[in-house]
Amino acid sequence: MGSVGETLSVSRRRLGKSIQDVEEATKIRARYIQALEDEEFQILPDDFYVKAFIRTYCRFLDIDSEPLIREYEYRYKAIPQKVETRTPLLIDLKSQRRRPLPILILAGLLILGGLFIWGSFRGKVIVSPERMEAERFQEEIEMEETETTLEDTAQPGPEIAPPRAPKIITPSLQEFTIRVKVIDERGCWLRVLVDDVKVYEGTLAVGESKEWRAERSIFIRAGNARGIEVERDGEYLGPLGESGGVVEKIFSVEK
């Protein structure tokens, strides 16, 4: 058996169906169908949707979905994470310990050379008393000018209001409600997952109804799809399926 995407693509072409034909029959978006065939599973919302879409696609193609589910889990969920390793710092420290002696010798030579140059210039430069007095007088004038400038610039300025704390806006969660009602005398068996958590599994009699609220998705598996009616946020959607057999359907926050 080939890969997941190759098996789906070959089976579709063997039936002479286009991706648009699959989209119309399964209600799966064309870009998700293309992602399954290209094995670009990161485009789909999460792992739950990948498995659900593979099963729905396989039912349309009339092939067994379980081998593809196992292939997907083996190839794309069992890949070990790469562990980063770092070279111990001890290696660098050992290499550094071998260098102090040449560095100390070079530093000593630089210091001796600097002292020699400084001593040579010190013996040649002679400053006269008149020049020293003039420089001292100039420094006193510069200090007085600096003090005057500081006094002039010390005037109190206008008060600056402290900045206001930014408002924290909490994004509102998008929720939606799905309501089902049994209209068939035979009743209907249901399994319901809300946001990937199973919240109900059982049989409803004719006239009974259930309602669930979700933030991301609601998955419904019905044993008598034509026997139940569905409403989304008060909007009538009709029966869950056209046949009286088993049907699975996913309602997501994106209509």
TODO: Would you check which residues across segment 210-241 are more than 35 Å from the chain's Cα centre (by Cα), assigned to a strand (DSSP E or B) and surrounded by 13 or more Cβ atoms within 10 Å (Cβ to Cβ) and list them?
DONE: Ile228, Glu229, Pro239
Task: Residues of segment 197-215 that turn out to be within 20 Å of Gly234 (Cα to Cα) and either of a type in the set (Lys, Arg) or outside the structural domain of Gly234 (by TED's automatic domain parsing) (or both), as a count - done: 2
Task: First in segment 244-255 and crowded, with 16+ Cβ neighbours inside 10 Å, second anywhere and assigned to a strand (DSSP E or B), Cβ under 6 Å, 6 or more apart - done: Val247/Ala222; Glu248/Arg221; Lys249/Ile220; Ile250/Ser217; Ile250/Phe219; Phe251/Ile178; Phe251/Ile218
TODO: For Lys249, indicate whether it is more than 23 Å from Asp46 (Cα to Cα), in contact with a Leu (Cβ under 7 Å, 6 or more places away or on another chain), assigned to a strand (DSSP E or B) and of a type outside the set (Gly, Ala, Ser).
DONE: no
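For the condition closer than 24 Å to Asp196 by Cα and not acidic (Asp, Glu), what is the one hit in Ile43, Ile63, Ile19?
Numbers: Ile63 fails: closer than 24 Å to Asp196 by Cα; Ile19 fails: closer than 24 Å to Asp196 by Cα.
Every option except Ile43 fails the conditions.
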Open item on the list: Given the condition of a type in the set (Ser, Thr, Tyr), within 41 Å of the chain's Cα centre (by Cα) and at pLDDT 90 or above, answer yes or no: does some residue in segment 156-175 qualify?
Closed with: no
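Residue by residue through segment 16-74, note down the ones that are β-branched (Val, Ile, Thr) and at positive phi. Working first, answer last.
To start, the set of residues in segment 16-74 that are β-branched (Val, Ile, Thr) comprises 19, 22, 26, 28, 33, 43, 50, 54, 56, 63, 69.
Correct list: empty.
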- [ ] Restricting attention to helices (runs of 4 or more DSSP H) lying wholly within segment 1-73, give those where 1 or more residues are touching a strand residue (DSSP E or B) at 6+ places or on another chain (Cβ under 6 Å) and surrounded by 16 or more Cβ atoms within 10 Å (Cβ to Cβ).
- [x] 47-61
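The values are calculated or read from the model by the stated rules, or taken from the named source; none is laboratory data. For clarity, every value in this text was computed on a predicted model and none was experimentally measured. Positions of Cβ are generated from backbone atoms using ideal geometry, with glycine treated the same way; all protein chains shown enter the neighbour counts.
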